[in-house]
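Comments concern the structure below.
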Amino acid sequence: MSERDIISNLPFSLIEPVTQQSGYIKKFLITIWLMVFLFSCSNKKVDAPVMFEVLESKQTGLDFTNKLTAKADFNLFKYLYFYNG
């Protein structure tokens, strides 16, 4: 007997719990996905405290300008972080 014959001869009661369980799992995952989707959509704006503020160069003592000059051997294609500073 091959495996296919053994599986096809199994009583339906042995196969049913597996299909029911996968159906419950699918329903559960769909429910969770819908809940996340519905509760994540809101127009509430949370007024968080400001974490950083812009300081003038006179206050910090730093005078910096990020001027990039692309060259044949130093550009975005050869150096991925070219514009990251």
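Would you mind calculating the gained length between E53 and T31 on full extension (0.36 nm times residue separation, minus the Cα-Cα distance), in nm to one decimal?
Here the segment from E53 to T31 would lengthen by 3.7 nm.
Within region 56-85, report the chymotrypsin sites (Phe, Trp or Tyr not before Pro) that DSSP leaves as loop and that have at most 14 other Cβ atoms within 10 Å. Each step should come with its number before you reach the end.
Numbers: sites: F64, F74, F77, Y79, Y81, F82, Y83; in loops: F64, F74, F77, Y79, Y81.
Hits after loop and neighbour filter: F64, F74, F77, Y79, Y81.
Readers should treat all values here as calculations from the given coordinates under stated rules, not as data from a laboratory. Keep in mind that this is a model prediction, so the values were computed, not measured. Using ideal geometry, Cβ is built from the backbone for each residue, glycine included, and neighbour counts are taken over all protein chains shown.
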